[in-house]
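Below is one structure; the comments refer to it alone.
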Amino acid sequence: MGQLGAPWTPAPPLPRNGLGTAAMVLGSISTFVAFLPFLFWIAWVLGILAVIFGLTGLGNVRKGLATNKSSALAGTILGGASILLAVVGLIVTGAMIRSAVDRVDDYDSSSVTQLPDDPETPWDEEPLGTELLDPASVTFGQSHEYVDGVIVTVAEPSEFTLTGTYVPPGLHEGDRTFHVDLTIVNDSNDSLNLDFAQPHVKDAAGNEVSMLLYAKAGYKPFRGTLAPGERATAQYSYPVSPEAATKLQVEVHPGLLHDHAEWSGPVG
């Protein structure tokens, strides 16, 4: 009868060294980041993770589940150090910000000049070139003039019929369509950017009307720059519902900083 073999012994489990290694890596990174200006908050987060992983790794070592005690201990120490450095970075950054604010306040207070006690024309009451000479609404066909010499005229809206089978966006069945013609004369000393001179139209009910962006409907907008002494004309078209087509109101800004001018009146 043959001899029996030696009894089978299971292999020992692999050590759980992952948390200790992760603690050492995070602790090293957080300590390095803590020395970088304004990045101390990252060191704070990484340092806390390094301490948590390191303490857990040390616990595994004590239970015999891990073998890298030195890595877990180093990660815990480095993580704690980076947290302290992050606190120092927060204090230093706060002090720098307060110092910068104080310097700005001191500069502002020392650079203020004293205005005359009784100036002939207060600076905040001097007329701006972009203000209207008369801001009241006028009827179609009349002109609005600005202090700088810019003159805007809106002709009386004229009704037209759009032909063809194409229906442009914004046009609904039964709508009445009107042309609005504008003229701008630049009698100022500066060039005028006409990209901001697009009109805004409201119907008799006070609702804003969208323009028809369609060349065959009379869409000939202002474009480019208007030099001093030059004149420009443009035409826009608007669909208006029949029940609100008794009156129109047009607002125009000839320039980005110019006050809006207003025209209103009945239409045919």
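Restricting to the range 202-237, give me the number of residues that are more than 18 Å from L192 (Cβ to Cβ) and polar (S, T, N, Q).
4
If only one of L58, L49 is assigned to a helix (DSSP H, G or I), modelled with pLDDT of 80 or more and open to solvent by 40 Å² or more (accessible area, probe 1.4 Å), which one is it?
L49
Taking the range 78-106 only, how many residues are open to solvent by 70 Å² or more (accessible area, probe 1.4 Å) and closer than 30 Å to L55 by Cβ?
The number of residues fulfilling the criteria is 5.
Determine which member of the set S143, S210 is among the hydroxyl-bearing types (S, T, Y), in contact (Cβ under 8 Å) with a residue 24 or more places away in the chain and touching a strand residue (DSSP E or B) at 6+ places or on another chain (Cβ under 9 Å).
Exactly one residue qualifies, and that residue is S210.
Counting only residues that are within 35 Å of the chain's Cα centre (by Cα) and open to solvent by 90 Å² or more (accessible area, probe 1.4 Å), how many does the range 154-171 have?
As a first pass, look at the range 154-171 and keep what is within 35 Å of the chain's Cα centre (by Cα): 154, 168-171.
When the remaining residues are screened for being open to solvent by 90 Å² or more (accessible area, probe 1.4 Å), the result is 169.
So the answer is 1.
Give the number of residues within the range 130-166 that are in a loop (DSSP other than H, G, I, E, B), at negative phi and out of contact with any His (no Cβ under 6 Å at 6 or more places or on another chain).
Number of matching residues: 19.
Suppose we filter G170, G75, G79 for residues that are modelled with pLDDT of 80 or more and at positive phi; which single one remains? Don't jump to the end; show me each part of the working.
On the way: G75 fails: at positive phi; G79 fails: at positive phi.
Step by step, each of G170, G75, G79 is checked, and only G170 is modelled with pLDDT of 80 or more and at positive phi.
Only one residue in S99, S143 is polar (S, T, N, Q), over 30 Å from L256 (Cβ atoms) and at pLDDT 65 or above. Which one?
S99
Tell me yes or no: at least one residue of the range 183-202 is of a type in the set (F, W, Y), open to solvent by less than 40 Å² (accessible area, probe 1.4 Å) and in contact (Cβ under 8 Å) with a residue 40 or more places away in the chain.
Among the residues of the range 183-202, not one is of a type in the set (F, W, Y), open to solvent by less than 40 Å² (accessible area, probe 1.4 Å) and in contact (Cβ under 8 Å) with a residue 40 or more places away in the chain, which makes the answer no.
If a residue must be hydroxyl-bearing (S, T, Y), open to solvent by 20 Å² or more (accessible area, probe 1.4 Å) and under 18 Å from D181 (Cβ atoms), how many such residues does the range 212-247 contain? Outline the logic, then answer.
At the first step, the residues of the range 212-247 found to be hydroxyl-bearing (S, T, Y) are 214, 219, 225, 233, 236-238, 241, 246.
Filter once more, keeping what is open to solvent by 20 Å² or more (accessible area, probe 1.4 Å): 214, 219, 225, 233, 241, 246.
Adding the requirement that they be under 18 Å from D181 (Cβ atoms) leaves 214, 219, 233.
Within the range 212-247, residues that are hydroxyl-bearing (S, T, Y), open to solvent by 20 Å² or more (accessible area, probe 1.4 Å) and under 18 Å from D181 (Cβ atoms) number 3.
Would you check which residues across the range 222-265 are among the aliphatic types (A, V, I, L, M), in a loop (DSSP other than H, G, I, E, B) and within 17 Å of S210 (Cα to Cα) and list them?
Matches in the range 222-265: A245 only.
The values are calculated or read from the model by the stated rules, or taken from the named source; none is laboratory data. All figures in this text were calculated on a predicted structure; none of them were measured in a lab. Please note: Cβ atoms are built from the backbone with ideal geometry, for glycine as well, and neighbour counts cover all protein chains shown. These accessible areas exclude ligands, DNA and RNA; they are computed on the full protein's heavy atoms, side chains included. Shrake-Rupley method; radii C 1.70, N 1.55, O 1.52, S 1.80 Å.
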